[in-house]
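The values are calculated or read from the model by the stated rules, or taken from the named source; none is laboratory data. Quick caveat, the model's predicted, so the values are computed rather than measured. FYI the Cβ positions are ideal-geometry reconstructions off the backbone, even for glycines, and counts take in every protein chain you see.
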Amino acid sequence: MWLSVTWPRPSSRRCLCDLWKPRTLAPKPAALAAPLLADIRELILTAREDVARTINAGLTLLFWEIGTRIRTDVLKEKRADYGKEILHTLSAQLEAEFGRGFSQRNLAHLVTLSEAFPDRDILLTLCAKLGWSHFRSIIYLDD
């Protein structure tokens, strides 16, 4: 199959060479897309930060609730010797179901978090600005 090319007929006032003269061109799509791309990139990055902040706050609150539950229901507000055994058994069961992150050591961090921040409302206020790694540093500071 052959392609046929049809050239435009020159008008009486123009010659064929006028078709090749530089003209003022419409902006290229890339030039138009640059501000659009920048705006969309900013929307995506802002949304990612918001989602990360929300997830971090949700996880911190979850960790506080787990720590509070262990402290009140299992340890009965005391540091009982059998608490180490319970944390070991509980962490083995949680890690089997949910994977890493629920080691005996991490469960101890969660209990310490609930002891350091007994008021849930204060924790919620701080969660808006601080992540779990910040809380892990704060909970071991002396008053």
Q: Pick out the one residue from A33, A47, A57, A80 that is modelled with pLDDT under 90, surrounded by 10 or more Cβ atoms within 10 Å (Cβ to Cβ) and within 32 Å of the chain's Cα centre (by Cα).
A: A33
Q: Provide a single number: the residues in the range 82-100 that are within 18 Å of R71 (Cα to Cα) and either outside any helix (DSSP H, G or I) or in contact with an Asp or Glu (Cβ under 7 Å, 6 or more places away or on another chain) (or both).
A: 0
Q) Can you name the residue in the range 104-130 that is in a loop (DSSP other than H, G, I, E, B), of a type outside the set (G, A, S) and modelled with pLDDT under 90 and is also surrounded by the most Cβ atoms within 10 Å (Cβ to Cβ) among such residues? A) L130
Q: Quick one: R41 ticks every box in (1) at pLDDT 90 or above; (2) farther than 30 Å from A128 by Cα; (3) not acidic (D, E) except a single one, so which number is it?
A: (2)
